[in-house]
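**Student:** Sharing a structure, written as structure tokens. Questions coming.
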Amino acid sequence: MKNTITDLDAEIAKAKKQAAARIAKLKREAAAEQKKIDAKVIELLRTQDPDLYDTLVRSALDALEARRAKSSDSARRSAAATGSPAPADGDGFTRRAFGEGA
């Protein structure tokens, strides 16, 4: 009887592993499809309403910049509280419109 239970447990574990792999694959496929859709939306927005596109790009850059500044400030406060050196300024990001450059 114990052998049957062990076999059943092994089969269950195998099925769970296969299901997890299938779910991960489906999630990757969905993410890839969403990236394609997002790229097409950006392309359409850029061509159909360039002023709105530029406004949204500026808003996105400002929001990201504000988040980086907030994160940097938090890191500095945390470092000051623990006596660690503060992180260096500059994050390596260049502010430019979406689609420019690389």
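**Student:** Can you tell me the length gained on complete extension of the stretch residue 19 to residue 75, counting 0.36 nm per residue apart and subtracting the Cα distance?
**Tutor:** Contour length minus the Cα-Cα distance gives 16.1 nm.
**Student:** Enumerate the calculated ³J(HN,Hα) couplings along segment 31-48 in order (Karplus 6.51 cos²θ - 1.76 cosθ + 1.60, θ = phi - 60°), each rounded to whole Hz, writing x wherever the residue is Gly or Pro.
**Tutor:** After applying 6.51 cos²θ - 1.76 cosθ + 1.60, I find 5, 5, 5, 5, 4, 5, 5, 4, 4, 5, 4, 4, 4, 5, 4, 4, 7, 8 Hz.
Read-outs: derived from the displayed coordinates by stated rules, not from any lab. Because the structure is predicted, anything quoted here is derived from the model rather than measured.
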